[in-house]
Amino acid sequence: MTETVVSTTAAGPGTAAAPTAESGPPIPGAPQAPKAKAAPARLRALDGLRLVAALMVAAYHYGGRGGSVTDAWGSSAQLQFPTLHTLFAYGCLGVQIFFVISGFVICMSGWGRSLTSFVASRASRLLPAYWAAVILVTAVFALPVVVYEAVSPSDALVNLTMLQQPLGADRVLGVCWTLWVEIRFYALFAVCVVLPGVNRRRVLMFCAGWLLAAALAQAAHEPLLELVLMPEYAPFFVGGVGLYLVHRDRRDAYAWGLVAAGFLIGQHHAVRDLWNATDPNAFAHRTTFGIVLVVAFGFVAVAAVALGWLNRANWRWLTVAGALTYPFYLVHEHLGWVVIRFLHRGLHVPSAATFALTVAGMLGLAWLLYRFVEKPLTPRLRAVLNRPR
């Protein structure tokens, strides 16, 4: 890792980041670019891509699915957006795009770092905004005027650990399942790559071994191995890691092999999990071609960043976009329901305007979380975790 600071993150569904050297799913990361690259000081295009992925997920949560958002609108979102609801249904694939970005960023962030530094970077990037979001959503849902049911106090406390999913507690944040995926990726990468020392050969062996082991675990129907190896998400992380190696050396045939394998296996899992044309009760029918196309967009977009094709997209406002993505991702779903209900059913604001105002409101809240939570607390927590023992 060199002295050139690149501020990018993955979120996830996770983690470009706030304008700090330690930014980071869904997910997080504040990596540095290799010296040999003539890239700009910041990979701002990756910041912008993260915001695009987050907005895709928001479109899915507000207008591309049923469930609790139906209560917010007062009727199915299919009726609110008769044409766009089918397009919005593909927005859930923003999570897979986040995972590709996360693979790129975490490999970049871990390069040349000690295990302590890597863990401190990830924890300080993820936790402050996450803790604030959990407390905020719990408090809002506990208000008498809010119709949605809050989780129990005990489950809310468990949510502060980020381990609510494996422990079986109710989730405060609907999107936090993607953070559980990200945490498992971080753990695998830390133990298998960062701890022994990051180098190209070790990264290649880790990624190839992970893909093979994940496929074997799925074939063997071993729940514990599937839990650890995440067959349905591993290809996206591996593809992102491969693209970072391409960023370091675009002639690296093995890295391109990882990218190709990640895409080919990843689109298979995405189609298997999300294709629903045979379900007569589906909110909206996704086609196999549409799913593959969105997955391909994610890989191609990150590849464009890796190859330097988007270096001209170096606008400062993309740094702000990167800073807002993670807190926006955390709060947009459940608090968005509250805003939609207030605007559409309470004030009778038209559907399109309600959608736009809700997104704008959640972006405004994300800025407040960045400015008053992430910006002051992230470097302090990182310093504490990095303190020599």
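Projected label points at residue 152 and residue 75, each 7 Å from Cα along the beta carbon direction, are separated by 3.9 nanometres.
Extension gain, residue 256 to residue 202, is 17.9 nm, computed as 0.36 nm per intervening residue step minus the present C-alpha separation. Ligands, DNA and RNA left out, the 1.4 Å accessible surface of the chain is 66% carbon and sulfur atoms. Extension gain, residue 281 to residue 145, is 45.7 nm, computed as 0.36 nm per intervening residue step minus the present C-alpha separation.
Quick one: accessible area per residue over the chain, 1.4 Å probe, rounded to a whole number of Å²?
42 Å²
Mean projection of the Cα convex hull over all viewing directions, computed for segment 320-389: 5.5 nm². The chain gives an Rg/Rh value of 0.96, both radii derived from C-alpha positions and Rh following Kirkwood. Sequence-ordered 3J(HN,Hα) estimates for segment 140-150 from the Karplus curve with 6.51, -1.76 and 1.60 and θ = phi - 60° stand at 5, 5, 7, 5, x, 7, 8, 7, 7, 7, 7 Hz, glycine and proline given as x. With the whole protein complex present, residue 116 retains an accessible surface near 80 Å², based on a 1.4 Å probe.
Calculated on the alpha-carbon coordinates, the convex hull of segment 237-341 measures out at 142 cubic angstrom per residue. Look at the alpha carbon pairs under 8 Å that are at least 6 residues apart: their mean separation over the length of segment 118-236 gives a relative contact order of 17 percent.
The values are calculated or read from the model by the stated rules, or taken from the named source; none is laboratory data. Here the structure is a predicted model, which means the values were calculated and not measured. All Cβ positions, even for glycine, are placed from backbone atoms using ideal geometry, and neighbour counts span all protein chains on display. What goes into the accessible areas is simple: the full protein's heavy atoms, side chains included, and nothing from ligands, DNA or RNA. Shrake-Rupley method; radii C 1.70, N 1.55, O 1.52, S 1.80 Å.
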